[in-house]
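Encoded as structure tokens, the structure appears first; notes follow it.
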Amino acid sequence: MCKTNCYKKCCAFLAALLMLAVLALPGMAAAPLVRDEMGLFDADTYNELEQSAEAASSGHDCDVYFLVVNDIGDANQRDFAKNYYVNNGLGSGEGKSGILFLLAVGSRKYVTITYGGGVTAFTDYRIEQMEDDIVPKLSDGDWAGAARTYIEMADYTLDYYAEHGEPIDVDNDLGAEGLLFVIGIPAAIAAGVCLVFYHQMKTAKEKTEADDYMPGLKLRVKRDVYTHTTQTRVYDPPKEEKSSGGGSSTDSDGFGGSSGGSF
């Protein structure tokens, strides 16, 4: 009887341990997306950014990371970010899909890297757009503003890709709806105004005599005398040709993104 009771207690104990392990799995899997390794953000700001990054990543099988470190020394920022991504097992799903923005505050360096599905969703063109909006905030020391901008733009990019089935790129920047709003509607308004003016001008009559414009003016002598010709030359330098190609470029390790820079 004693052996039976001990056996039952042991089984119950093991079952309890197994249940605790199962309950702990979601928490273990939910690795932070905002990785502030130098304590740059206060608690409220960090929680806000983390929630935004989770919302941006949700449903896209592509994690949005914002990594803050202090000093990376002489290391290349792209190599540092790639090593961090791999060594920490980042990314969503089997493809380890994600995008990571590295901010090295002490070194004043930054870089954006993508991997897996993140390479497809974030084209070189889009990453350049994102960094153009983020870097000025870094230069001003607006760390939280830079992080918010990055997460918001990443969120919009992933939503666009999910909705349209193609990433934001050089040939579809605003999409059909955006072009209609930015170009079509103002053009329609301008056409309407011009049409009103055109109908108003139908009652106007062309004046052919100078006296019609300046009553009482009489010229006794009319003579045209040629004096000189003025020629102005303006130098028009040749413009650099920009590549019309889009898409995402990758390195030998399969990472996309930018080469980064300083701020």
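The numbers here are math on the coordinates, done by the rules we state, and not lab data. What you see is a predicted model, and the numbers here were worked out from it, not measured in a lab. A quick note on method: Cβ atoms are made from the backbone with ideal geometry, for glycine too, and the neighbour counts reach across all protein chains shown.
Rounded to the nearest 0.05, what FRET efficiency do Ser252 and Ala43 give with R0 = 45 Å and r taken as the Cβ-Cβ distance? Could you check? The pair Ser252/Ala43 has a calculated efficiency of 0.65.
Phi-derived couplings, Karplus 6.51 cos²θ - 1.76 cosθ + 1.60 at θ = phi - 60°, listed residue by residue for segment 247-252: x, 10, 9, 10, 9, 5 Hz, with x used for Gly and Pro. Against the compact-protein benchmark of 2.2 N^0.38 Å, the Cα-based radius of gyration of segment 31-168 scales to 0.97.
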